[in-house]
Amino acid sequence: DALAELEGAIHQREGLMLLTGLSGTGKSSLLEELARRLMRGGKTTPIVFTNPLITFSKLVHTVHDRLFPEQQPAANIEELLAQINKELTSSRTRGWTIAILVDEAQHLPTDTLAQLGRLLKMKSGDGNVFQIILVGQPDLTARFDTRRLDHLAKLIRCKCEVTSLDDEETRSYI
């Protein structure tokens with residue numbers, strides 16, 4: 001099941017994951033349940049993005065503000081990424097995993113998608129610091145078939161697809 005597979009990939013600190021499915025198959029509900037489970041688990045902080053038109057800079061600033069609200073963010077994106085990396089690889093946060101969950105990710109600007117690899121470069125002793133789960137309709141997968149996103153496609157470690165329930169599954173669900 002997709003929820004268990006994503007949860008396992010996050011705990012294994014695999015990095016980049018995709019969850020796709022047609023409209024109405026429950027992707028957003030699954031994403032919400034995943035965020036709830038991660039919050040209950042303790043060492044993983046989920047940050048959910050529901051605005052798929054977000055820029056990479058705004059995404060990074062939001063991550064910083066959620067993780068370190070008491071800290072003034074650095075002036076530019078390069079310094080901000082270095083600041084976040086330093087904090088997340090310090091001894092007080094060692095073992096802490098950040099899960100960035102993006103709903104409707106098929107609408108993310110190409111520039112934002114392309115730059116997600118910068119977050120995936122942040123490593124601690126036991127794997128990727130950031131776990132990025134992109135949730136969207138099937139055309140999300142096709143977006144990685146471009147030259148601009150080829151580097152990111154190579155980083156996808158887990159792909160899940162949610163399908164509609166068949167008649168028997170629907171009766172069982174009801």
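Per residue, the Cα convex hull of the chain amounts to 117 Å³. Classification of segment 1-72 by its C-alpha gyration tensor yields an oblate form. The axis ratio a/c (a ≥ b ≥ c) is 1.5 or more, and b/c is at least a/b. Think of a 1.4 Å ball rolled over the protein heavy atoms: the chain then has 53 Å² of accessible area per residue. Roughly how tilted is helix 2-11, in degrees to the nearest 10 and between 0 and 90, from the longest Cα axis of the chain? The two axes meet at around 20 degrees.
Restricting segment 14-90 to trypsin sites (Lys or Arg not before Pro) that sit in a DSSP loop and have at most 16 other Cβ atoms within 10 Å of their own Cβ leaves 43. Ignoring lysines fewer than eight residues from residue 43 along the same chain, the ones with Cα atoms less than 22 angstrom from its Cα are 86, 121, 123. Take every Cα pair under 8 Å whose residues are at least 6 apart in sequence, average their separation, divide by the length of the chain, and the relative contact order is 39 percent. Other residues lying with their Cβ under 14 Å from the Cβ of residue 74 contribute a combined charge of -3, Lys and Arg counting +1, Asp and Glu -1. Restricting attention to the chain, close to 10% of DSSP beta bridges with both partner residues there are antiparallel.
Count Lys and Arg as plus one, Asp and Glu as minus one, and take only other residues whose Cβ is under 15 Å from that of residue 154; the net charge is then +4. For segment 27-36, 3J(HN,Hα) computed residue by residue from phi via the Karplus equation (6.51, -1.76, 1.60; θ = phi - 60°) reads 4, 5, 5, 5, 4, 4, 5, 4, 4, 4 Hz, glycine and proline entered as x. Split the accessible area of segment 101-145 by element, probe 1.4 Å, and carbon with sulfur accounts for 49%.
Over all distinct Cα-Cα pairs of segment 31-129, the Kirkwood formula returns a hydrodynamic radius of 14.2 Å. The stretch between residue 36 and residue 161, if pulled fully straight at 0.36 nm per residue, gains 43.0 nm over its current Cα-Cα span.
Counting charges near residue 109 (Lys, Arg +1; Asp, Glu -1) among other residues having Cβ under 12 Å from its Cβ returns a value of +2. Close amide H contacts of residue 16 (hydrogens built in the peptide plane, cut-off under 5 Å, sequence separation of 5 or more or a different chain): 132, 157. Annotation note: GluC sites (Glu not before Pro) in segment 52-84 located in DSSP loop regions with a Cβ neighbour count of at most 13 within 10 Å are 70.
The values are calculated or read from the model by the stated rules, or taken from the named source; none is laboratory data. Given the structure is predicted, the values throughout are model-derived calculations rather than measurements. We place every Cβ from the backbone using ideal geometry, glycine too, and count neighbours over all the protein chains shown. What goes into the accessible areas is simple: the full protein's heavy atoms, side chains included, and nothing from ligands, DNA or RNA. Shrake-Rupley method; radii C 1.70, N 1.55, O 1.52, S 1.80 Å.
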